[in-house]
Amino acid sequence: MADFIQQIHLNDCLKLRKEVLWPSATLQECTEEGDDQALHFGYVKDQHIISCLSVFYRTPTRYQIRKFATQTAYQNQGIGSYLFKNVLQELINKQIETVYLNARTTAVRFYKKFQFQAFDKEFSKKNVTFLPMELDLTKWDMKTPTTK
């Protein structure tokens, strides 16, 4: 069976968020304000979602990516990069000009591969340090990681 990316429901994302990002949290604690209006995308392999992220509307030309998670067994194989690149392309197709996120400091190198740049100071939440980063999609060079 082929692997593919599709828009998914929030409930499909929550289990993966909990497993990867907040293992000691409840499913309710893994839910974010605005999740019910956000778009959720998943990488599906053998009928299982192994990577997901959520896209939140902020202004007509600016969106935020949140809660990007890939199952541990599938990390460092290009699957998350493939999902991420496809979601960025989807935002470009919707004429979104900028996208931002709060990168865990352990993931900053990943986002720099996609030309994200820091735009504010690091901050901590729930004992995790984040760096706000953004990307100007109008100038994005799509020659970024494409392997899966």
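The values are calculated or read from the model by the stated rules, or taken from the named source; none is laboratory data. This structure is a prediction, so every number in the text was calculated from the model and none was measured. When we count neighbours, we look across all protein chains shown, and the Cβ atoms used for this are built from the backbone with ideal geometry, even at glycine.
Which residues, taken from region 13-42, are among the aromatic types (Phe, Trp, Tyr) and not in a loop (DSSP other than H, G, I, E, B)?
Result: 41, single match.
Working only within region 76-115, note down all residues that are assigned to a loop (DSSP other than H, G, I, E, B) and either on the phi > 0 side of the Ramachandran plot or surrounded by 15 or more Cβ atoms within 10 Å (Cβ to Cβ) (or both).
Passing the criteria: 76, 78, 95, 96, 97, 114, 115.
Residue 63 passes all but one of (1) touching a strand residue (DSSP E or B) at 6+ places or on another chain (Cβ under 7 Å); (2) of a type in the set (Phe, Trp, Tyr); (3) at pLDDT below 95; which number fails?
(3)
Out of region 45-67, which residues are over 15 Å from the mean Cα position of the chain (by Cα), of a type outside the set (Lys, Arg) and on the phi < 0 side of the Ramachandran plot?
Those that are over 15 Å from the mean Cα position of the chain (by Cα), of a type outside the set (Lys, Arg) and on the phi < 0 side of the Ramachandran plot: 48, 59, 60, 61.
A quick yes/no check of all residues on (1) in contact with a Lys or Arg (Cβ under 8 Å, 6 or more places away or on another chain); (2) part of a strand (DSSP E or B); (3) under 20 Å from residue 132 (Cα atoms):
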{"site": "6", "(1), (2), (3)": "no, yes, no"}
{"site": "11", "(1), (2), (3)": "no, no, no"}
{"site": "44", "(1), (2), (3)": "no, yes, no"}
{"site": "50", "(1), (2), (3)": "no, yes, no"}
{"site": "64", "(1), (2), (3)": "yes, yes, yes"}
{"site": "69", "(1), (2), (3)": "yes, yes, yes"}
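Which of (1) over 22 Å from residue 18 (Cβ atoms); (2) at pLDDT below 95; (3) surrounded by 13 or more Cβ atoms within 10 Å (Cβ to Cβ) is the odd one out, the single condition residue 119 does not satisfy?
Result: residue 119 passes all but (3).
In region 1-25, which residues are free of Cβ contacts under 8 Å to residues at least 12 places away in the same chain and more than 17 Å from residue 79 (Cα to Cα)?
11, 23, 24, 25
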